[in-house]
Amino acid sequence: MILKPANKKKWGVPYLGSKSKIIEKIAKYFPNADHFYDLFGGGFAVTHYMITMRQKSFKQFHYNELRPGIPQFIKDAIAGKYNYDVFKPEWISRERFHKEKELNPYIKIIWSFGNRGKTYLFSEDIEKEKRSMHQAVVFDEFDQFMEQAFNLKKWPNKLSVRGRRLFLKRLINKRIDLSRLQRLERLAQLQQLESLERLAQLEQLKPRKPLEFTNVDYRKVEIKPNSVIYCDVPYKGTEGYGNTFNHSDFFDWANEQTNPVFISEYKINDDRFYLLKEFNHMSRLSALGPKKVTERLYGNKKAYDIIEYFRQNKTK
């Protein structure tokens, strides 16, 4: 079944720098072609959206991501590996996270703060309580904390794992002990399970067109004629993605392409590329919390010419 659009649809998996919030606006600038390339695919948000909402616009889709293990992680999610019917997520401790994060993309992304893949998801002061809640929601195991804090020894009948999570969240929101309100609100978010539900939704993705996965440097991807290329490159001056990136080399490569290349960045100071659109939204990438940012969509000469052609003909 093809996913239907929704006002608050979240595309792909939780991922640092995901375009899930603005891909609908970005995709309006992509012309139809035989092939669509998402060369810096990250959390699959762009490809997920394009396959779902623009499936008729292209004959084949290509997702590429350099970081080790991520393409297989996405393919596993599409194959249903993270469906609650077959996957019961065990608790990942702080120690296990740091020991295995470079070996296991699921642990690195789902169990890290902000899905950055660097620090553990929970602070030490609430880690023990988060574990108690996790065990109760996933494995129906209630300890002293669950009984004392929530007066819970069992769940209402026939609640799914997701139903248990939402039931507990609603229960926390109804607490009237204002002295504990802020702490309870922090506890209410079982981020690892919310992220897991986003993985599970990818099982609904049933592409009707070929979908190719690659795990290589962008320069090694074979770009076929009559293609659209989208590049969500690491932004200058922002937190790294675990690998160094040479922006100068990339811009030289993008300028040489005979296909239209669309690039997301905060700002590109290179006359070879044209500003196509600005997008204002709230970003959670800042260590200080959400802040308003302006992201921009740029294009090479080929992309600019296509956009201008459509703009001019639209006004006639």
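The values are calculated or read from the model by the stated rules, or taken from the named source; none is laboratory data. Because the structure is a prediction, the values reported are computed rather than measured. Every residue, glycine as well, gets a Cβ built from its backbone with ideal geometry; the counts of neighbours run over all protein chains shown. We work out accessible area using only protein heavy atoms, side chains counted, and drop any ligands, DNA or RNA first. Shrake-Rupley method; radii C 1.70, N 1.55, O 1.52, S 1.80 Å.
Worth pointing out:
- Cβ-based net charge around His98, under 12 Å, with every Lys or Arg adding one and every Asp or Glu removing one: +3
- Unit Cα scatterers, Debye sum, region 44-164: log10 I(q)/I(0) for q = 0.09 Å⁻¹: -0.36
- For the chain, the equivalent ellipsoid built from the Cα gyration tensor has semi-axes of 40, 20, 19 Å, listed from largest to smallest.
- Carbon/sulfur fraction of accessible area - the chain, other protein chains in place, 1.4 Å, %: 48
- Summing charges over all other residues whose Cβ lies under 13 Å from the Cβ of Leu66, with Lys and Arg as +1 and Asp and Glu as -1, gives -1.
- Rotationally averaged projected area of region 111-174 (alpha carbon convex hull; nm²): 4.9
- Unsatisfied cross-links (Cα-Cα over 27 Å) in the set Lys130/Lys174; Lys209/Lys236; Lys118/Lys224: Lys209/Lys236; Lys118/Lys224
- Of Asp125, Asp143, Asp305, the one that fluctuates the most in a GNM where the chain has Cα springs shorter than 10 Å: Asp125
- Accessible area in the full protein assembly, largest first, 1.4 Å probe, for Met146, Met53: Met53, Met146
- Look at the alpha carbon pairs under 8 Å that are at least 6 residues apart: their mean separation over the length of the chain gives a relative contact order of 22 percent.
- Value of [θ]222 nm, deg cm²/dmol, for the chain, DSSP H segments ≥ 4, -39500 (n - 2.57) each, nearest 500: -10500 deg cm²/dmol
- For Ile107, neighbours were defined as the other residues whose beta-carbon sits under 10 Å from its Cβ, and their charges (Lys and Arg +1, Asp and Glu -1) total +2.
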